[in-house]
Amino acid sequence: MTTKTSTYPLRLPRSLKAAVEKLSKQDGTSVNQFVEMAVAEKVSAMTTAEYFAERKARADMEAFDRILSRTGGEPPRPGDVPAQD
């Protein structure tokens, strides 16, 4: 499997570049790999946040409240609750 890549000229303040160089060295990666992973983590975090926001928008909060406030039911049967170690 091959991944197509492209280049992007990146301008960083000197202090940030120095911090990236130090951290990438500690991490045992190149500056390029470090920046690539940082961007991937940010994209993943933002994508995840968007996913949950979309799920929240589709939620039926009235049904949620009904389920949480319902009464009755049965107590847990043996085997329903995992044994505590």
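Observations, loosely collected:
- Region 36-85: trypsin sites (Lys or Arg not before Pro) in DSSP coil with no more than 12 other Cβ atoms inside 10 Å: ARG70
- Listed values (1) 22.2, 73; (2) 24.0, 64; (3) 14.0, 42, entry calculated as Rg and Dmax of the Cα atoms in Å: (2)
- Under-25-angstrom lysine pairs by C-alpha in the chain, whenever the two are 8 or more apart or on separate chains: 6
- With respect to the chain, whose longest principal axis is taken over its alpha-carbon atoms, helix 14-27 is tilted by about 70°.
- Carbon + sulfur, % of accessible area of region 1-51 - ligands and nucleic acids excluded, 1.4 Å: 59 percent
- Legend: residues VAL43, VAL31, sorted from most to least accessible area (1.4 Å probe; ligands, DNA and RNA excluded), read VAL43, VAL31.
- Relative to the longest principal axis of the Cα atoms of the chain, the long axis of helix 31-58 makes an angle of roughly 30 degrees.
- With every protein chain in place and a 1.4 angstrom probe, the accessible-area ranking of THR3, THR71, THR48, largest first, reads THR71, THR3, THR48.
The values are calculated or read from the model by the stated rules, or taken from the named source; none is laboratory data. Computed from a prediction, not measured in an experiment: that's the story for all the values here. Counting neighbours? That spans all protein chains shown, and the Cβs are built from the backbone with ideal geometry, glycine included. Surface accessibility is based on the protein's heavy atoms, side chains included, excluding ligands, DNA and RNA. Shrake-Rupley method; radii C 1.70, N 1.55, O 1.52, S 1.80 Å.
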